[in-house]
Every structure is written in structure tokens, then in C-alpha cells.
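Structure record follows, encoded as C-alpha cells.
The values are calculated or read from the model by the stated rules, or taken from the named source; none is laboratory data. This is a predicted model, so every value here is computed, not measured. Backbone-built Cβ (ideal geometry, glycine too); neighbour counts: all protein chains shown. In case anyone asks, the SASA skips ligands and DNA or RNA and just uses the protein heavy atoms, side chains included. Shrake-Rupley method; radii C 1.70, N 1.55, O 1.52, S 1.80 Å.
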Amino acid sequence: MNKEHIGFIGLGAMGRPMAKNLLKAGYPLTVYDLNPEPINELVACGAKAASSSAEAARDAGVIITMLPACDEVKAAVLGAGGVLEGANEGALLIDMSSIAPHTSKLVASEAAKVGVKFLDAPVSGGVTAAENGTLTIIVGGDRALLDEHIDLMQAMGKNIYHVGDVGMGETVKMINQVLAGINMLAIAEAFVLGTKLGADPETIYKVIRVSAGNSFLIDARVPDYLLKGDFTRPGFALDLMLKDLGLAIESAKINKIPLFLTGQAYQYFSMASSWGLGKKDMSSVTELLEEIVGVKVRTGSE
Ligand code: NAD
């Protein structure tokens, strides 16, 4: 059976490997990004290049967007030269970016006006899971639409959950980011504390990963980032975490829900961003604490 033609927009740290996995699974792909470099890389792998989001959407049964935040999604979908200008009636738009649930609902209702269907499907697992095709994909919208396109989702992810109506995928993703942001900060504080007190950071890592303090991010961030002091390798930009915590705080504010720890984490990441760490991986918040305390969490630093 011929696989559905896909338009893929947003070829950054996540979109690039996700698009490659779709190509590997045999989906014909037309790609677009503001940056020409990843377009060329995908073309070398067999994709077609588009010169706008509208063009990427033109012949596609499914259009996927993987963009930084609400403004970029609105620009690429609703703006001039955007997806809704090019998409055919009956096409499906799957937005996999992490954005505000109310923006997903807005985009879905604008899409519906021109006969385009919509799912919000943000992801978790980071660049490694994007490369390995093992992302967790958290889907909001019509369940039947997800079932119809499950093969395509499985080319990018392993754990695919339908969690409710449009916007609910983003809501559950936001909850994950509250936990991940606070946990990243806890890891940074704990490792800086331990190292300053004279413990060997590599030993702390070995002990914690089989103790109650363990978490997904201990393995995902300690060996390759903290212990190597390498915060520039591709990961999850600190400014994207700041954006996600901001989304949670915005929702909490509207609903009068206190979020003490999320608020503190937001301030920490905000300070780290002002200090120049915004484009580095979120684990670079450790660098700020290292500077304040005067210690480096590195292999062999005891
Ligand atoms: P990124 O900044 O690396 O990539 C975004 C890409 O979008 C860039 O290549 C940029 O040029 C492109 N872009 C921006 N505006 C555009 C527009 N109007 N039209 C076309 N292209 C445009 O971001 P990323 O790390 O790939 O993250 C993408 C989304 O996934 C974000 O919402 C992020 O929060 C989420 N996310 C990221 C990770 C991660 O580990 N990096 C994990 C889970 C979820």
C-alpha cells in the first residue's frame, strides 16, 4: 500500500531525527524549516524541499509541525505562507510542538474552518528517543484519527497515548515538564552540594541510580552532560524549559492553583537564561550553581 505523503515543518533538534525516521519507514516527505541547513540534510536522505510551510502542506495527507513555541506554531500554520494556505481539505495537521493548550484549541478551530483536521501530539524522551524512534507521544483530539494514523506515529514513537480532546495532549505534556524542570534543578543542586562536600561525582551517580533519588534525568543528563561538563551537545534548550514552566504557571494563574516549586524552578531557569545559558541544554543550569559555589561537577574532580 502506498504510504501517505507527509509535509514536515520544523527540523530542529527533535524534528530532524523524527523526519528521518518517517523517511526510513517509507513515508514520502516534503520538508520545510526557516533554516536551510537541515532541509539540505533531509533532502540528502530522500525528502523533497519546500520553500514555505504552505508548499510543504500542498500535496500532503498529513502535515506535522515540530516548532519551538506558540508564536512559531501560529506563524507557520495561521500566518502568511502558512500550512492553512496550502493544505487540502480533509488533510490532517498533527502539531507535535510543546505549546499552550489554548493555542492548540485556537489552531484546531482555525484549521476546521478550512476543512483541516487536527491532533495535538507533543512528545517526551528527548533527542535520543527522537533518534531511536522511541518517543512517548501524548495525543489530544479525535481518537479515531489517531487510530487511523497509528503506523505513522509508531515510526517516531514507542509509547503512544490518547489522553483526551484537543489540548489535553499539551496539558499532560505540561505536567511532565513541571516534573522534569524541578527534577533537573534538584539534580544540579544535589550534585553541586555533593561535589563541594568532597564526594566523587561519578560515585554519587553510581549510588543514586540504584537508590531512591534516581530518576529518568539522572541517566539522561548526569553521565553525558554534568560529568563531562558538556552542555552544548544537542539536547533540550534551557529556554525551551523556561517556556514550558511559563506555560504551567500561566495555566495555574488562570485557575488560581499555587505552584511553589514550579515558580522557584522558573526563577532559577530564568536567571540561568539571563546569564547566557538559554541556548545550551537545560542541564547547564548546573553551570550557574557551580559558578556560585566555586566547584565543578566533573569525572575525576574529587
Ligand atoms: P529547536 O529550536 O531545535 O527546533 C525548532 C526548529 O523550528 C528550528 O529548526 C527552527 O528553525 C524552526 N522554526 C522556527 N520557526 C519556524 C517557522 N515559522 N517555520 C518553519 N520553521 C521554523 O527545537 P526542538 O528542541 O526541536 O523542540 C521543538 C519542540 O519540541 C519544542 O516545543 C520543544 O519544547 C519540544 N520538545 C523538545 C525536546 C528536546 O529534547 N529538544 C523534547 C521534547 C519536546
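A residue that is under 29 Å from residue 171 (Cα atoms) and touching a residue at least 24 places away in the same chain (Cβ under 8 Å) can be found somewhere in the range 188-200. Of the residues 128, 103, only one is β-branched (Val, Ile, Thr), over 15 Å from residue 9 (Cα atoms) and in contact with a helix residue (DSSP H, G or I) (Cβ under 6 Å, 6 or more places away or on another chain); which? Only one candidate passes the filter, namely 103.
Collect the residues in the range 106-116 that are surrounded by fewer than 21 Cβ atoms within 10 Å (Cβ to Cβ) and touching a helix residue (DSSP H, G or I) at 6+ places or on another chain (Cβ under 7 Å), keeping them in residue-number order. Step through it out loud before you land on a result.
Filtering the range 106-116 down to residues surrounded by fewer than 21 Cβ atoms within 10 Å (Cβ to Cβ) leaves 106, 109-110, 112-115.
Within the range 106-116, 110, 114 meet the criteria.
Residues are listed down the side, and each one gets a yes or a no for (1) within 16 Å of the ligand (Cβ to nearest atom); (2) part of a helix (DSSP H, G or I); (3) modelled with pLDDT under 95; (4) within 25 Å of residue 175 (Cα to Cα):
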| site | (1), (2), (3), (4) |
| --- | --- |
| 261 | no, yes, no, yes |
| 268 | no, yes, no, yes |
| 279 | yes, no, no, yes |
| 296 | no, no, no, no |
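Just to be sure, is residue 112 within 15 Å of the ligand (Cβ to nearest atom) and farther than 20 Å from residue 22 by Cα? No, not satisfied. Of all residues in the range 214-236, which are in a loop (DSSP other than H, G, I, E, B) and loosely packed, with under 14 Cβ neighbours inside 10 Å? Listed by number, the residues that qualify are 214, 228, 232, 233. Within the range 1-18, the set of residues being within 11 Å of the ligand (Cβ to nearest atom) and not in a strand (DSSP E or B) comprises 10, 11, 12, 13, 14, 15, 16, 17, 18.
Just for helices (runs of 4 or more DSSP H) wholly inside the range 134-205: which have at least 3 residues that are surrounded by 15 or more Cβ atoms within 10 Å (Cβ to Cβ)? Spell out how you get there, then give the answer.
Details: elements: 143-148, 150-154, 168-196.
So the answer is 168-196.
The residues in the range 107-144 that are over 19 Å from residue 241 (Cα atoms) and β-branched (Val, Ile, Thr) can be counted, and the count is 5. For the range 243-276, a tally of residues being under 16 Å from residue 231 (Cβ atoms), in contact with a helix residue (DSSP H, G or I) (Cβ under 9 Å, 6 or more places away or on another chain) and open to solvent by 10 Å² or more (accessible area, probe 1.4 Å) returns 4.
Selection within the range 118-132: residues that are near the ligand (Cβ under 9 Å from one of its atoms) and more than 10 Å from the chain's Cα centre (by Cα). The member of this set that is surrounded by the most Cβ atoms within 10 Å (Cβ to Cβ) is 129. Looking only at the range 21-69, filter to residues that are within 11 Å of the ligand (Cβ to nearest atom), among the β-branched types (Val, Ile, Thr) and touching an Asp or Glu at 6+ places or on another chain (Cβ under 9 Å); which one of those is most open to solvent (accessible area, probe 1.4 Å)? Here the residue is 39. When residue 210 is tested against the conditions (1) part of a loop (DSSP other than H, G, I, E, B); (2) away from the ligand (no atom under 16 Å from the Cβ); (3) under 17 Å from residue 126 (Cβ atoms), the lone failure is (3).
Looking only at the range 116-136, residues that are of a type in the set (Gly, Ala, Ser), more than 20 Å from residue 60 (Cα to Cα) and modelled with pLDDT of 95 or more come to 4 in all.
Can residue 246 be described as more than 15 Å from the ligand (Cβ to nearest atom), in contact (Cβ under 8 Å) with a residue 12 or more places away in the chain and either over 21 Å from the mean Cα position of the chain (by Cα) or assigned to a helix (DSSP H, G or I) (or both)? Against the criterion (more than 15 Å from the ligand (Cβ to nearest atom), in contact (Cβ under 8 Å) with a residue 12 or more places away in the chain and either over 21 Å from the mean Cα position of the chain (by Cα) or assigned to a helix (DSSP H, G or I) (or both)), residue 246 does not qualify.
Restricted to the range 81-99, and to residues that are within 11 Å of the ligand (Cβ to nearest atom) and outside any helix (DSSP H, G or I), which residue is surrounded by the most Cβ atoms within 10 Å (Cβ to Cβ)? Checking each candidate, the answer is 95.
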